[in-house]
Amino acid sequence: MIKNSLILLVALFFACQANAQEVLPLIPKPLKAAKQTGSFTLSQQTQIVANSEVKQLAQYLQAELLRYQGLSIRTADKAAENYISLTLVNNRGKKNAAWYQLAISPNKIEIKATQPEGLFAGISSLLQLVRQQSVNKKVVELASWEIEDEPIYAWRGLMLDESRHFFGKEKVKQLLDWMAFYKLNKFHWHLTDQPGWRIEIKAFPKLTLVGGIGSHSDSLAKAQYYTQEDIKEIVAYAAQRYIDVIPEIDMPGHATAANKAYPEFSGGGSPKYPEFTFNPGKESTYQYLTQILREVDVLFPSQMIHIGADEVHFGNQHWNKDEAVQSLMKSKNLKDLPAVEAYFVKRMADSIKDLNNEVLAWDEIVSGTLSTEKTTVFWWRHDKPEILKDALQKGYQVVLCPRLPLYFDFVQEDSHVVGRKWAGNFVHWQSVYQFPTKEITALPNANTLIRGIQANVWTEVIVDAQQLDYKIFPRIAALAEAAWTPSQLKDQTAFESRLKSHFKLFTAEGLYFFNPFNQKASPELLTPAQRKGLLPDNEAQTAAEKGTIK
Ligand code: TNX
């Protein structure tokens, strides 16, 4: 009896071992992966082989291996054995720019792609595998695998709101590192809003010197913003990681900070949202904003500008009394305030197209008058699926970022208090993982017009870096797999075990992340003000919960 149990135990042990080896610890899960025999020994004798075309990628790999595993590895023009090669191949059948092959075998690791972007994705996979192995006397053993991979979506985005609270260059770079780790490739940067204007504009210095003062929780906080040099540095850092940076300059609403600096362009507001809008009735407003966008265009090579255009009705009541707006309405025959809003958005969209940029905006523009050409709608109102349907039917490209489940300012658990809940709803990593649902992907035109998905981190109630980490991790991993892996290959249980093994890496990087599997290990950290029950007011949340905004 004892003998039999022992045999069973031993058999079980080996079965588990074998099983463990079959699992490739990668997030997002690749399209195809086949386990091979043997392993590759990565050591300081290993060389990275790459021709001049892809030298920068070799240097990136070299730098990351040193940074994370302390391995100092040479680059070389050729090598006979124990090397990692990066090669661009001509495979016309593969149209996806991020397509790559990664083959790990006992004497070499080969990464092949048709585009540098694909090589970068292959490098990210390799680094993820390397970082999960322990280093023993400057040696890492890597199991042999053959991987072929490409994403389902070209847009795999994360948005950070730095107007409400400012997190700074180092935090942003750290986020970009994690985006690269998870193969996310669009960083949408919400740089202007009510509390603060965070991007230096040389033609209008008061935008940052005056408009940069204050945050959502402290209206007197010293001016915080990015200089143009800072922006260039971050854009270059992102570019090295094949991440496009998309600036958002919100207009005509959410303009309070700018209006503090240059009140002559304000269109006023409402009692609850004073000085909320730019003035659509004045010609000078269009010149002012276009001049701002010219500087923005030069700083961001992504050739995409997000103009917000959300929630204008929160604070445009003053337009009813404003002389300039009233005379515009007469001369252009605009019958109501939504028509004025549409007129404004159309003119600014034309300025953006004149700069040879794509126009990006929140889903309010679907009811406006913009052409679909070079225009992408960000569908955020999860409770209004008809807007998504309408956008697709009209022929707009769409990025899916519905509040539920892709607003990461929502709490991760019912018991959490810092963050939003929509009528009691919160955003668990599982609902992120399961996105997008079949109802969405089966919509007419979804296949051709949906560019991808994005999570938005609004920061009214996120006041510091730890609270930011707590909202982003580990949901970012679920986002990555939802954006990359075809739904028929997704498997929540298998993902969960791969996810747990990433927690060590989060800890090693000093992140304060939420651990959904051991909640006591990561309690919410509240600021003293939050502990006293003085959570920063979040107008949108209050209104939503009362059901007054839809
Ligand atoms: C809605 S999404 C907003 C933001 C808020 C967010 C809070 C959108 C286009 N506007 O201004 O920060 O809700 O979750």
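Given contacts defined as C-alpha pairs under 8 Å and at least six residues apart, what's the relative contact order of segment 24-149, whole-number percent?
Numbers: 266 pairs, mean separation 45.1, N = 126.
With pairs under 8 Å counted, the relative contact order is 36 percent.
Tell me, what HN-Hα J-couplings in whole Hz come from the Karplus equation 6.51 cos²θ - 1.76 cosθ + 1.60 at θ = phi - 60° for each residue of segment 189-195, using x for Gly and Pro?
Once θ is set to phi - 60°, the couplings for segment 189-195 become 10, 7, 9, 9, 5, 4, x Hz.
Quick check on the chain: helices-only [θ] at 222 nm, where DSSP H runs of length 4 and up contribute -39,500 (n - 2.57) each and the sum goes over total residues. Nearest 500, please.
-11000 deg cm²/dmol
Pairs K108/K169; K32/K183; K232/K384: which exceed 27 Å Cα-Cα?
As for pairs spanning more than 27 Å Cα to Cα, those are K108/K169; K232/K384.
Might you report the magnitude of the Cβ-based charge dipole of segment 65-217 about its Cα centre, with Lys and Arg at +1 and Asp and Glu at -1, to the nearest 20 debye?
The dipole magnitude comes to about 320 debye.
Classify segment 393-452 as rounded, prolate or oblate from the Cα gyration tensor: take a ≥ b ≥ c as the square roots of its eigenvalues, call it rounded if a/c is under 1.5, otherwise prolate when a/b beats b/c and oblate if not.
Taking the square roots of the gyration eigenvalues as a ≥ b ≥ c, segment 393-452 is prolate.
Nearest-5 percent of antiparallel DSSP beta bridges in segment 349-452?
Approximately 10 percent, going by the DSSP bridge assignments.
When Lys and Arg each count +1 and Asp and Glu each count -1, what net charge do the other residues less than 13 Å away from W155, Cβ to Cβ, add up to?
Taking every Cβ under 13 Å from that of W155, the sum is +2.
Could you pull out every residue, at least 5 positions away or on a different chain, whose amide H is within less than 5 Å of the one on S85? Hs are placed 1.01 Å off N in the peptide plane, and Pro or chain starts have none.
It is V49, I109, E110, I111, by chain and number.
Using modelled amide H (1.01 Å from N, peptide plane; none on Pro or chain starts), what sits under 5 Å from the amide H of G267, excluding residues fewer than 5 places away?
T277, F278, N279
If DNA, RNA and ligands are ignored and the probe is 1.4 Å, what is the ranking of R451, R67 by accessible area, most exposed first?
Working: R451 50, R67 115 Å².
Output order, biggest surface exposure first: R67, R451.
Please list S52, S163, S431, S302 from largest to smallest accessible area, probe radius 1.4 Å, with all protein chains kept in place.
Numbers: S52 100, S163 0, S431 45, S302 20 Å².
Ranked list, largest accessible area first: S52, S431, S302, S163.
How big is the C-alpha Rg of segment 208-268 next to the rule-of-thumb value 2.2 N^0.38 Å, as a ratio?
Numbers: Rg = 14.3 Å, N = 61, 2.2 N^0.38 = 10.5 Å.
Cα-based Rg divided by the globular estimate yields 1.36.
Could you report the accessible area of D354 in Å², rounded to 10, computed with a 1.4 Å probe on the protein chains as they sit in the structure?
130
Classify segment 64-182: rounded, prolate or oblate, from the alpha-carbon gyration tensor (a ≥ b ≥ c, eigenvalue square roots; a/c under 1.5 rounded; otherwise prolate if a/b is larger than b/c)?
Oblate, since a/c reaches 1.5 and b/c is not below a/b.
Please determine, in degrees from 0 to 90 and to the nearest 10, the orientation of helix 385-394 with respect to the longest principal axis defined by the Cα atoms of the chain, where the helix direction is its Cα long axis.
It is inclined by approximately 90 degrees.
Within the set of other residues whose C-beta is less than 10 Å from the C-beta of N185, count the net charge using Lys and Arg as +1 and Asp and Glu as -1.
Net charge around N185: +2.
Over all directions, average the projected area of the Cα convex hull of segment 155-546 and note it in nm².
Details: hull surface 74.1 nm².
With the hull built on Cα positions only, its mean projection is 18.5 nm².
Could you report the accessible area of K202 in Å², rounded to 10, computed with a 1.4 Å probe on the protein chains as they sit in the structure?
120
Over segment 435-487, with a single point scatterer placed on each C-alpha, what log10 of the ratio I(q)/I(0) does the Debye formula yield at q = 0.16, 0.23, 0.28 1/Å?
Those come out to -0.61, -0.90, -1.11, one per q.
The values are calculated or read from the model by the stated rules, or taken from the named source; none is laboratory data. Keep in mind it's a predicted model, so treat the numbers as computed, not measured. We place every Cβ from the backbone using ideal geometry, glycine too, and count neighbours over all the protein chains shown. Protein only, heavy atoms only, side chains kept; ligands, DNA and RNA dropped before computing areas. Shrake-Rupley method; radii C 1.70, N 1.55, O 1.52, S 1.80 Å.
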